[in-house]
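Student: Below: one structure in structure tokens.
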Amino acid sequence: MGGKKYSVILMRDDDHVRRYRMSSIWFRFAIYSFIFLILVSAGGIYLGLKYWNKYLDVSATNQALQEEIQTQDVELERLRNMERMVMEHQTLPDNATAEDNATGVNATAAVRATEQANATPTETVATEANATPEANATPTAAVSPYEHVTPVELMQGLDKGETAINELNLKETGDGYAIHFLIRNEKDRGVLSGMVSLALVDQEGAIRPIDAPKEALDFTIQRFKTINVTFKTPDGLEKDKTYGLLVKVTNKAGELVFSKVYHLPDILSS
């Protein structure tokens, strides 16, 4: 069978007939080579697709790690600023001292008023006669009308896992700020309803409430809601004296489920 020959005839209407003689060995070799090339091509396509999918998975993992690193860097910088602020409050406790002194003076005055009310007329006259001008003087120390952020709220905050705040950023306006953020429902199922409250925190830790429309800050969400609010800086608070933004979230039952102070330079965008 090895001596067999195959004739290949090529014919065209406008040309001479061409005839080729081919050994059966070369004919089989051509067929096997063609089949081998098909198999190699199929294997190459399979491996290419397989490693391309692996490349996409590795790229996605790398992107997620890069974003996590950036988030951790921002969080680390925020914690450093929080620590610096707490240290400044510990080294300069003037406001706390003034409030303690005012409280002590008021308590002393109340005790003396009670003793005078229960005393006999003779004792009252004697007390008034022996009273010093300092005791009769009205205390002049004023208690701050604002609530203050505690070190725990400043450093740790509160998160019960029901909601999350994402993409938070501030932009300066003429006399205030424009805020943008997403509030997400972190529950496995169901609808989350509640209210977001915003306040600025000055460099002394005092909470300065923000005058923002309530209808823009309440929510009933299954996944998330985008909130955009423009507000003015509270009276008496300068922008360069502002430390951060306090964000609180209460659920429908009025329970506080999220609270965090964001350092202003970390969320302020141009």
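Student: Please go through segment 198-217 and give me each residue that is open to solvent by less than 80 Å² (accessible area, probe 1.4 Å) and farther than 11 Å from LEU245 by Cβ, ordered by number. Outline the logic, then answer.
Tutor: Restricting attention to segment 198-217, the residues satisfying the condition of being open to solvent by less than 80 Å² (accessible area, probe 1.4 Å) are 198-202, 205-208, 210, 212-213, 216-217.
Within segment 198-217, ASP202, GLY205, ALA206, ALA212, PRO213, ALA216, LEU217 meet the criteria.
Student: Then there's this: For the structure I just gave you, tell me whether GLY254 is surrounded by fewer than 18 Cβ atoms within 10 Å (Cβ to Cβ) and at pLDDT below 90.
Tutor: Answer is yes for this residue.
Student: Tell me, please, whether a residue that is part of a helix (DSSP H, G or I) and modelled with pLDDT under 90 can be found in segment 47-56.
Tutor: Checked against the condition, which is being part of a helix (DSSP H, G or I) and modelled with pLDDT under 90, segment 47-56 yields no hits at all.
Student: Ok, one more. Can you pull out every residue in segment 169-197 that is open to solvent by 60 Å² or more (accessible area, probe 1.4 Å) and under 20 Å from SER269 (Cα atoms)?
Tutor: LYS171, GLU172, GLY174, ASP175
Student: To continue, here is another question. Could you tell me whether segment 218-237 includes any residue that is assigned to a helix (DSSP H, G or I), farther than 30 Å from MET85 by Cα and either open to solvent by 30 Å² or more (accessible area, probe 1.4 Å) or of a type in the set (Ser, Thr, Tyr) (or both)?
Tutor: Checked against the condition, which is being assigned to a helix (DSSP H, G or I), farther than 30 Å from MET85 by Cα and either open to solvent by 30 Å² or more (accessible area, probe 1.4 Å) or of a type in the set (Ser, Thr, Tyr) (or both), segment 218-237 yields no hits at all.
Each row is one residue, and each column tells you yes or no for (1) over 30 Å from LEU264 (Cβ atoms); (2) among the aromatic types (Phe, Trp, Tyr); (3) surrounded by 10 or more Cβ atoms within 10 Å (Cβ to Cβ); (4) more than 20 Å from the chain's Cα centre (by Cα).
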{"position": "LEU37", "(1), (2), (3), (4)": "yes, no, yes, yes"}
{"position": "ALA42", "(1), (2), (3), (4)": "yes, no, yes, yes"}
{"position": "ILE45", "(1), (2), (3), (4)": "yes, no, yes, yes"}
{"position": "VAL58", "(1), (2), (3), (4)": "yes, no, yes, yes"}
{"position": "GLN63", "(1), (2), (3), (4)": "no, no, yes, no"}
{"position": "GLN66", "(1), (2), (3), (4)": "no, no, yes, no"}
{"position": "ASP73", "(1), (2), (3), (4)": "no, no, yes, no"}
{"position": "GLU83", "(1), (2), (3), (4)": "no, no, yes, no"}
{"position": "VAL86", "(1), (2), (3), (4)": "no, no, yes, yes"}
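The values are calculated or read from the model by the stated rules, or taken from the named source; none is laboratory data. Being a predicted model, the structure only gives us computed values, none of them experimental. Note that each Cβ is placed from the backbone with ideal geometry, even for glycine, and that neighbours are counted across all protein chains shown. The accessibility values were calculated without ligands, DNA or RNA, using every heavy atom of the protein model including side chains. Shrake-Rupley method; radii C 1.70, N 1.55, O 1.52, S 1.80 Å.
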